[in-house]
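The values are calculated or read from the model by the stated rules, or taken from the named source; none is laboratory data. Predicted model only: the values in this text are computed from it and were never measured. FYI the Cβ positions are ideal-geometry reconstructions off the backbone, even for glycines, and counts take in every protein chain you see.
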């Protein structure tokens, strides 16, 4: 029997900036519509200057106040662009507003010139971002647990600090880590709560095996680690037109050719008939949570995808 999955919707904060309409209210309305339509979660991305968009934790606070049922989350947050004490305080407040519905999807960022410039803009060393992220999130977890901490490392010097309020649940929100290489997968298995890659389906099952092997070696139960995937979708009755919409979207979004991005990311462009089978490949490989990013016409895609994929939620 197929394991039921959840369906998530990525709120188009980046697309709003790309279009020149930076009004927040329409974005909040889309999140509310996703909840009414039946989606299980709503998500926002993060970038300060590389791919400008609304600040994610502020946006999630508003989404938390405007929704009642859905999980809210970051897909994905770059923690090291913020000081851990400040971020721990922000996240705890958002989780209190959401009453425990928050999930933190986090990542280290892909190596490209715009991302390096973003790290430089906030005076963070790009080359050591993996160690900094692990240290950063360890500090946050201790603060979320209610500890008063003193912490000195290569990355942070913190003396006699606590935050209040702490999050809704003891220890803070679940942390799901992005990344499709073996090092990221091992990090998930060793210390985090979920894995949320963005890559094509061919890498999902082998990557999940790596996550589970690392968890087992660490004495953790692999079954407790959530599995998500981030899928970009363009649906049209004309498959070639869907492909063109996707290519245009990727070209506007990223500083790389669409073909290069499609090789790195899970993308679907085609008719509605082919979507279910494509998504089923991910769920068969072990994905429990599907986070959908739509390339154009969000309301139409939102409706079509809940109709097409809704059966997977109760399989």
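Restricting attention to the range 119-130, which residues are part of a helix (DSSP H, G or I) and either touching a helix residue (DSSP H, G or I) at 6+ places or on another chain (Cβ under 7 Å) or more than 21 Å from residue 194 (Cβ to Cβ) (or both)?
Once the filter is applied, which keeps residues that are part of a helix (DSSP H, G or I) and either touching a helix residue (DSSP H, G or I) at 6+ places or on another chain (Cβ under 7 Å) or more than 21 Å from residue 194 (Cβ to Cβ) (or both), the range 119-130 yields 119, 120, 121, 129.
Go through the range 132-161 residue by residue and tally those that are within 16 Å of residue 93 (Cα to Cα) and in a helix (DSSP H, G or I).
Taking the range 132-161 and keeping what is within 16 Å of residue 93 (Cα to Cα), we get 140-146.
Checking the rest, the ones that are also in a helix (DSSP H, G or I) come to 140-144.
Of the residues in that region, 5 qualify.
Checking residue 272 against (1) in contact with a strand residue (DSSP E or B) (Cβ under 9 Å, 6 or more places away or on another chain); (2) surrounded by fewer than 17 Cβ atoms within 10 Å (Cβ to Cβ); (3) at pLDDT below 95; (4) more than 20 Å from residue 204 (Cβ to Cβ), which test does it fail?
(3)
Looking at (1) touching a strand residue (DSSP E or B) at 6+ places or on another chain (Cβ under 7 Å); (2) closer than 30 Å to residue 259 by Cα; (3) in contact (Cβ under 8 Å) with a residue 60 or more places away in the chain; (4) surrounded by 21 or more Cβ atoms within 10 Å (Cβ to Cβ), which is the one condition that is false for residue 173?
Condition not satisfied by residue 173: (2).
Of the residues 88, 65, which is within 29 Å of residue 301 (Cβ to Cβ), assigned to a helix (DSSP H, G or I) and either in contact (Cβ under 8 Å) with a residue 12 or more places away in the chain or over 15 Å from the mean Cα position of the chain (by Cα) (or both)? Break it down into steps so the answer makes sense when it comes.
On the way: 88 fails: within 29 Å of residue 301 (Cβ to Cβ).
Unique residue meeting the criteria: 65.
Just a yes or no: is a residue in the range 19-32 at pLDDT 95 or above and in contact with a strand residue (DSSP E or B) (Cβ under 7 Å, 6 or more places away or on another chain)?
Looking through the range 19-32, at least one residue is at pLDDT 95 or above and in contact with a strand residue (DSSP E or B) (Cβ under 7 Å, 6 or more places away or on another chain).
Can you name every residue in the range 275-289 that is in contact with a strand residue (DSSP E or B) (Cβ under 6 Å, 6 or more places away or on another chain), under 12 Å from residue 204 (Cβ atoms) and surrounded by 20 or more Cβ atoms within 10 Å (Cβ to Cβ)?
Scanning the range 275-289 gives 282, 287.
Within the range 248-268, take every residue that is outside any loop (DSSP other than H, G, I, E, B) and in contact with a strand residue (DSSP E or B) (Cβ under 8 Å, 6 or more places away or on another chain) and give me the one that is surrounded by the most Cβ atoms within 10 Å (Cβ to Cβ).
Taking the range 248-268 and keeping what is outside any loop (DSSP other than H, G, I, E, B), we get 248-253, 258-264, 266-268.
Keeping just the survivors that are in contact with a strand residue (DSSP E or B) (Cβ under 8 Å, 6 or more places away or on another chain) gives 249-250, 261, 266-268.
Working: 249: 22, 250: 22, 261: 20, 266: 26, 267: 23, 268: 20.
Residue satisfying both the conditions and the ranking: 266.
Please work out if residue 94 is crowded, with 22+ Cβ neighbours inside 10 Å and either within 17 Å of the chain's Cα centre (by Cα) or not in a helix (DSSP H, G or I) (or both).
Working: crowded, with 22+ Cβ neighbours inside 10 Å: yes; either within 17 Å of the chain's Cα centre (by Cα) or not in a helix (DSSP H, G or I) (or both): yes.
The answer is yes for residue 94.
With the condition kept exactly as written, say whether any residue in the range 201-220 is surrounded by 14 or more Cβ atoms within 10 Å (Cβ to Cβ) and closer than 22 Å to residue 92 by Cβ.
no
Of the residues 69, 25, 82, 14, only one is touching a helix residue (DSSP H, G or I) at 6+ places or on another chain (Cβ under 9 Å), surrounded by fewer than 22 Cβ atoms within 10 Å (Cβ to Cβ) and under 27 Å from residue 251 (Cα atoms); which? Full working, then the answer.
Values: 69 fails: under 27 Å from residue 251 (Cα atoms); 25 fails: touching a helix residue (DSSP H, G or I) at 6+ places or on another chain (Cβ under 9 Å); 82 fails: under 27 Å from residue 251 (Cα atoms).
From the options 69, 25, 82, 14, the qualifying one is 14.
Here is a check on your reading of the model: is residue 266 in contact (Cβ under 8 Å) with a residue 12 or more places away in the chain and over 22 Å from the mean Cα position of the chain (by Cα)? Walk me through it before giving the result.
Values: in contact (Cβ under 8 Å) with a residue 12 or more places away in the chain: yes; over 22 Å from the mean Cα position of the chain (by Cα): no.
No.
Go through the range 150-201 and give me each residue that's over 30 Å from residue 281 (Cβ atoms) and out of contact with any helix residue (DSSP H, G or I) (no Cβ under 9 Å at 6 or more places or on another chain).
So in the range 150-201, the residues over 30 Å from residue 281 (Cβ atoms) come out as 150-172.
Scanning the range 150-201 gives 150, 152, 157, 159, 160.
With the structure loaded, tell me whether residue 104 is in contact (Cβ under 8 Å) with a residue 40 or more places away in the chain, in a strand (DSSP E or B) and under 26 Å from residue 38 (Cβ atoms) or whether it fails that test. Spell out how you get there, then give the answer.
Numbers: in contact (Cβ under 8 Å) with a residue 40 or more places away in the chain: yes; in a strand (DSSP E or B): yes; under 26 Å from residue 38 (Cβ atoms): yes.
Against the criterion (in contact (Cβ under 8 Å) with a residue 40 or more places away in the chain, in a strand (DSSP E or B) and under 26 Å from residue 38 (Cβ atoms)), residue 104 qualifies.
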